[in-house]
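Student: Below is one structure. I have some questions about it.
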Amino acid sequence: MSRDDWFRNTEWTESIERAFEEKLRRARQKSQYLRIQAHCLAESHPIVALRLLERYFKLDEKFDWAHAYCDQARAFLSLGRVDDAINSYERALDREAEFPNLKTQAYIELPFLIVTRSRRERFERAAQVLLDRQSRLTFPVDRFMWHAALALIAQCRGDNANASEHASYALTEARQHHSGFRFHPTVGLVPSRYQSLIDQLTPLSGKPLH
């Protein structure tokens, strides 16, 4: 790692922390370095990430709060704190409403989390978020998550026709091997970690996945 990447550590030891704090002490824009470092550690060292984000929010420089709330949600998820993660994603969406020029993936990650973790009391909220922001779908994985979530919501409601339709669309996106972007053909494809969800959607769609 170059000296310019001192705030992008993916590991965290006492020596790394000392070096980071020394650099941070001399930095002018401390907030951005705290948030980016927290982003890099959200899944591998979530407790550290949450502490860094706590310091970030205390600086009260609100420009990038929406992304920070998403990083906070990822850290909570890494700790198994699903409801805290949901609340953080909600804060991200609230922040986007205040500053609509800065968007995050909270619009898809929040409802997908609600549905895949079976928080049924929040299903109406999940559906609302999805339907209100359909125009933002960009990559195959976004469309997969969108349709998969709506398929499971429809199944829960006993709406078998819509469940089957959305499941079929989700599986179509899971088959994609090209993002649709010429210079970034593999960006945004459906990752293998969703295989169990694909297996769940396949019988719901009534069609085999080839």
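The values are calculated or read from the model by the stated rules, or taken from the named source; none is laboratory data. What you are looking at is a predicted structure, and each value in this text was computed from that prediction instead of being measured. Ideal geometry is used to build each Cβ from the backbone, glycine not excepted, and the neighbour counts take in all protein chains shown.
Student: Identify all residues within the stretch 180-198 that are touching a Phe, Trp or Tyr at 6+ places or on another chain (Cβ under 9 Å) and modelled with pLDDT of 95 or more; write none if there are none.
Tutor: VAL187, GLY188, LEU189, VAL190, TYR194, LEU197, ILE198 - these are the residues of the stretch 180-198 that are touching a Phe, Trp or Tyr at 6+ places or on another chain (Cβ under 9 Å) and modelled with pLDDT of 95 or more.
Student: If ARG95 satisfies all but one of (1) more than 17 Å from VAL129 (Cα to Cα); (2) in contact with a helix residue (DSSP H, G or I) (Cβ under 8 Å, 6 or more places away or on another chain), what's the number of the condition it fails?
Tutor: Among (1) more than 17 Å from VAL129 (Cα to Cα); (2) in contact with a helix residue (DSSP H, G or I) (Cβ under 8 Å, 6 or more places away or on another chain), the lone unmet condition for ARG95 is (1).
Student: Moving on to the next point. How many residues are without any contact (Cβ under 8 Å) to a residue 24 or more places away in the chain and buried (at least 19 other Cβ atoms within 10 Å of the Cβ) if we restrict to the stretch 152-165?
Tutor: So the count comes out to 1.
Student: Residues to consider are ASP71, ASP83; find the one that is surrounded by fewer than 16 Cβ atoms within 10 Å (Cβ to Cβ), within 17 Å of the chain's Cα centre (by Cα) and not assigned by TED's automatic domain parsing to the domain that holds HIS184.
Tutor: ASP83
Student: Moving to a separate point now. Using beta carbons and a limit of 9 Å, which pairs, at least six apart or on different chains, have the first residue in the stretch 2-23 and assigned to a helix (DSSP H, G or I) and the second one loosely packed, with under 10 Cβ neighbours inside 10 Å?
Tutor: LYS23/ARG3
Student: Can you tell which of LEU197, LEU152, LEU189, LEU204 is more than 21 Å from the chain's Cα centre (by Cα) and not polar (S, T, N, Q)?
Tutor: LEU204
Student: Just give me the residues in the stretch 76-92 being touching a Lys or Arg at 6+ places or on another chain (Cβ under 9 Å) and closer than 18 Å to HIS39 by Cβ, in sequence order.
Tutor: Here is the first cut: in the stretch 76-92, the ones touching a Lys or Arg at 6+ places or on another chain (Cβ under 9 Å) are 82-83, 85-86, 88, 90.
Within the stretch 76-92, ALA85, SER88 meet the criteria.
Student: Okay, next question. Out of SER168, SER179, which single residue is touching a Gly at 6+ places or on another chain (Cβ under 7 Å) and surrounded by 14 or more Cβ atoms within 10 Å (Cβ to Cβ)? Talk me through it step by step, then tell me what you get.
Tutor: Details: SER168 fails: touching a Gly at 6+ places or on another chain (Cβ under 7 Å).
Answer to the check: SER179.
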